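The next block holds one structure in the form of structure tokens; read it before the comments.
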Amino acid sequence: VQLVESGGSLVQAGDSLRLSCAASGFTLSEYAMAWWRQAPGKEREFVAHIAYRGTNRNYADSVKGRFTIDRDNAKNTVYLRMDSLKPDDTAVYYCKGPGLHPDRGYWGQGTQVTVSS
């Protein structure tokens, strides 16, 4: 299993970004996937997850209404669209899967998102 995140960048408050997670080594279409993030000096926190068919999505309260998780099973890729970014969104963003079990699955290497005020 391999998860490779990309798309992180330095942006200004109010900007948008789209992160990508390229998955390999398993059949993406059979599993839910999730995004997590870790800010400097803080514990890793849940951001969003998406069901294997994309019909069910769940978000942390802190990003609800601003972030959108999506997937393209044909491309083996999960996305995180981030709008109206805030400095508090600054973190390393990680893709996790396959599945949502807290003690199972794999982490990608992460991609850095920095939001300046």
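The values are calculated or read from the model by the stated rules, or taken from the named source; none is laboratory data. Since this is a predicted model, take the numbers as computed values, not measurements. All Cβ positions, even for glycine, are placed from backbone atoms using ideal geometry, and neighbour counts span all protein chains on display. Areas reflect the complete protein model, heavy atoms only, side chains present, ligands, DNA and RNA absent. Shrake-Rupley method; radii C 1.70, N 1.55, O 1.52, S 1.80 Å.
Key figures
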read-out	value
Some residue of the stretch 6-20 being of a type outside the set (Phe, Trp, Tyr), more than 19 Å from Val115 (Cα to Cα), assigned to a strand (DSSP E or B) and touching a strand residue (DSSP E or B) at 6+ places or on another chain (Cβ under 7 Å)	no
Flag if Leu19 is open to solvent by 70 Å² or more (accessible area, probe 1.4 Å) and touching a residue at least 24 places away in the same chain (Cβ under 8 Å)	no
Yes/no for Ser24 being closer than 18 Å to Asn73 by Cα, open to solvent by less than 70 Å² (accessible area, probe 1.4 Å) and among the polar types (S, T, N, Q)	yes
Whichever residue in the stretch 93-103 is assigned to a strand (DSSP E or B) and of a type outside the set (A, V, I, L, M, F, W, C) and, among such residues, is most open to solvent (accessible area, probe 1.4 Å)	Tyr94
Residue list for the stretch 16-43, restricted to those being more than 12 Å from the chain's Cα centre (by Cα) and among the hydroxyl-bearing types (Ser, Thr, Tyr)	Ser16, Ser24, Thr27, Ser29, Tyr31
Subset tally (residues that are in a strand (DSSP E or B) and of a type in the set (D, E, K, R)) for the stretch 21-40	1
From Ala32, Ala39, Ala48, Ala60, residue being touching a Leu at 6+ places or on another chain (Cβ under 6 Å), open to solvent by less than 40 Å² (accessible area, probe 1.4 Å) and under 19 Å from Trp107 (Cβ atoms)	Ala32
Residue in the stretch 104-114 that is of a type in the set (S, T, N, Q), part of a strand (DSSP E or B), touching a Leu at 6+ places or on another chain (Cβ under 6 Å) and open to solvent by 30 Å² or more (accessible area, probe 1.4 Å) present	yes
